[in-house]
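The values are calculated or read from the model by the stated rules, or taken from the named source; none is laboratory data. The model shown is predicted, which means the values in this text are computed figures rather than measured ones. In this analysis, Cβ positions are derived from the backbone assuming ideal geometry, glycine residues included, and neighbour counts consider all displayed protein chains. Note: accessible area is taken over every heavy atom of the protein model, side chains too, but ligands, DNA and RNA are not part of it. Shrake-Rupley method; radii C 1.70, N 1.55, O 1.52, S 1.80 Å.
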Amino acid sequence: MGDRELVSLIALLRDARGVGLRVSWSGECGGLDVGCLRHLDPPRQSDGTFAWSARQGESLVLRRGPTFLAVEDTRYGERRRVDVDRSEPAAAVLDESRWGHTITPVEAASLHALGLHDLVFRSGDHCVGIAVRQGVWCV
């Protein structure tokens, strides 16, 4: 799978989770680093087991403010909040509006800080914000 296609798949899983859908999918994960994706539904392997454990209570949620985006993260224990100014280039990636294009050098620098918080999934020159947009409460 190419970089753009892989990022598209992660965006689909994130969006499905955001509206409360459960997605049944399967396939090889290969060398995919899934550490930051554990709040998304895992694929089933050929033997029917899950490729990674989806831990209860872990979440990564995006909320929109007028001038900022607020990310609430409970994946690593205690709740933490990361605020991103909407004027930052990285805000467009978190806000789901620009995930399909090739990353520019200015965006790459802005995305580096989000990468330190495990808020983006990047493959090659493509990336997507992995926080689930809270529009409908997930069940």
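What FRET efficiency comes out for Val19 versus Arg63 if R0 is 25 angstrom and r is the Cβ-Cβ distance? Round to the nearest 0.05. If you can, show how the numbers build up before the last one.
Details: r = 15 Å, r/R0 = 0.62.
The formula returns an efficiency of 0.95 here.
Suppose each label sits 7 Å from its Cα in the direction of the beta carbon; what would the Glu28-Asp3 distance come out to in nanometres?
Label-label distance for Glu28 and Asp3, simple model: 2.2 nm.
From the protein chains alone at 1.4 Å, what is the descending order of accessible area for Ser87, Ser8, largest first? Write down the numbers at each step before the final one.
Working: Ser87 95, Ser8 40 Å².
Solvent-accessible surface, decreasing: Ser87, Ser8.
Measure off 7 Å from each Cα along the Cα-to-Cβ vector at Tyr76 and His101, then give the distance between these two points in nanometres to one decimal.
Placing both labels 7 Å beyond Cα along the Cβ direction yields 3.0 nm.
For n ≥ 4 DSSP H runs only, could you compute -39500 (n - 2.57) per run for the chain, divide by its residues and tell me the 222 nm figure to the nearest 500?
Details: 3 runs with 34 residues, N = 139.
Calculated mean residue ellipticity at 222 nm is -7500 deg cm²/dmol.
With a probe of 1.4 Å, find how much accessible area the range 73-131 has per residue, and write the answer as a whole number in Å². Write out the running numbers ahead of the final one.
Working: 3010 Å² over 59 residues.
Ligands and nucleic acids excluded, the figure is 51 Å² per residue.
Multiplying the sequence separation of Leu12 and Asp83 by 0.36 nm and subtracting their Cα-Cα distance, what value in nm do you get?
Numbers: separation 71, 0.36 × 71 = 25.56 nm, distance 2.37 nm.
Between Leu12 and Asp83, full extension yields 23.2 nm more.
In degrees, nearest 10, range 0 to 90: what is the angle between the Cα axis of helix 105-116 and the longest Cα principal axis of the chain?
The two axes meet at around 60 degrees.
Need one number: % antiparallel among DSSP beta bridges in the chain, to the nearest 5. Working shown, then result.
Numbers: 16 of 19 bridges.
Of the beta bridges lying entirely in the chain, close to 85 percent run antiparallel.
Given points 7 Å out from each Cα along the Cα-Cβ axis, report the Gln134 to Asp47 separation in nanometres with one decimal.
3.8
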